[in-house]
Structures are given as structure tokens and as C-alpha cells.
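Data first, discussion second: the structure below is written as C-alpha cells.
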């Protein structure tokens, strides 16, 4: 086994779990940070807007990086017969990371600066509080993350720890189906919320177990 890949994989898995948890906290705290007027009135929205409402984008940007590093390190330490699954997971993970990075950089730079400067003409399609916005379309990046995790599940099949990892990763396909259904087919929001909780709980849990898995590779 390669020591550098194992160490980097372990820490990237730990950080992925941390960023996923921080994202969930900041997502649920955004209305506590600041209650913002309805987005349809962009003048009032811009006047009331504060960067604290976009706090959730920063752990999301970091998660896109650490998730890819974790997958790359996993691919490197696996035996040859499992590298097909890790390569598929990494390839689809790159789609997720690119979409998420573009989405959150637009928010951190363009949307933030436009609102601060009062330049509101034409930005309604980039406002996160607009459920029909480009932001929410690009949020489907998590569909690709969930599919990536699903394919990564086939890597793990030996022993109790790996079986737990496999289950947690495999069920992420349910969250992907829920998000696709909500964003593209307009299924019930309740179903979307329920299926999303599979990612909220299962993603950080699986990352923590993967960190333990990397640690065991040192033995």
C-alpha cells in the first residue's frame, strides 16, 4: 500500500464528512442569519441582503475538492479488479464537482458583488431563493454526487466495515431519484425532503467509515 495515498485519503474523507455536516448546519441556519424579503422584489432583496445568507456555499466549495481527492486516493490503493468501479465513481464525481464549483463561485463572486452594488437587472435567475433559478438547476450537481457514491459502493464488499460503507453509499441513489423527481418532474416536496435526508445522514456517515477504512489500510 502507498503511504501518501492512504494518509491523504484518510484526511480527505474526514474533511468531506466535516464539510457535509457544516453545509447542513449552515443550510438550516440561513434564515436565522438573516430573514430576506421575497426575491421577486429585487430592490428590497438587494437592500436587505447580507453575505451571511450565503455561508452554506463555502463548505460546499470545499466538499467538491475533498470528495474528489478521497475518490482519487481510493482508486490508487485498490487492487486492479476493483479499479473499474472507482474510476467510474471518480469520473462522475468530477461532473458533480465541476457543476458545484461553477454554481457556488457564481454565488460567491457575481451574485454577492451584484447585490452589494445594487446591480440587480437580470440577476433574478441566479438568486438561490428563486426556486426556478439557474442556481437551483445547478444544484442537481448532487444528483451526480449521489450516482458517483452509488458506483463507489461496489468497491466495498469484504468484512463488516466495508459492508456498512457499501450500504450507505448504495442507498444514495434514492436521494438522486428524489432530487431528479422534485426538480424535473415536480414530485411532492415532502418526498424530496425525505429522500434528501438519506444524503444528509448517509454521506457524512459513509465518509467517516471510509476514513476508518483508510486507516485500516496502514496495518
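The values are calculated or read from the model by the stated rules, or taken from the named source; none is laboratory data. The model shown is predicted, which means the values in this text are computed figures rather than measured ones. All Cβ positions, even for glycine, are placed from backbone atoms using ideal geometry, and neighbour counts span all protein chains on display.
Structure values in brief
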{"read-out": "Candidates 69, 102, 92, filtered to the one that is in a helix (DSSP H, G or I), within 16 Å of the chain's Cα centre (by Cα) and surrounded by fewer than 15 Cβ atoms within 10 Å (Cβ to Cβ)", "value": "102"}
{"read-out": "Condition check for residue 14: surrounded by fewer than 21 Cβ atoms within 10 Å (Cβ to Cβ) and either out of contact with any strand residue (DSSP E or B) (no Cβ under 7 Å at 6 or more places or on another chain) or touching a residue at least 60 places away in the same chain (Cβ under 8 Å) (or both)", "value": "yes"}
{"read-out": "Boolean, residue 193 is surrounded by fewer than 22 Cβ atoms within 10 Å (Cβ to Cβ) and within 20 Å of residue 67 (Cβ to Cβ)", "value": "no"}
{"read-out": "Checklist (1) crowded, with 20+ Cβ neighbours inside 10 Å; (2) at pLDDT 90 or above applied to residue 42, failing item", "value": "(2)"}
{"read-out": "Which numbered condition residue 201 fails, given (1) surrounded by 20 or more Cβ atoms within 10 Å (Cβ to Cβ); (2) over 30 Å from residue 81 (Cβ atoms); (3) modelled with pLDDT of 95 or more", "value": "(1)"}
{"read-out": "Matching option when the condition is under 17 Å from residue 99 (Cβ atoms), buried (at least 18 other Cβ atoms within 10 Å of the Cβ) and at pLDDT below 95, among 139, 146", "value": "139"}
{"read-out": "Tally, over region 105-123, of residues that are under 11 Å from residue 46 (Cα atoms) and either assigned to a helix (DSSP H, G or I) or touching a residue at least 12 places away in the same chain (Cβ under 8 Å) (or both)", "value": "10"}
{"read-out": "Qualifying position, being modelled with pLDDT of 85 or more and either more than 30 Å from residue 211 (Cα to Cα) or over 18 Å from the mean Cα position of the chain (by Cα) (or both), among 24, 126, 49", "value": "126"}
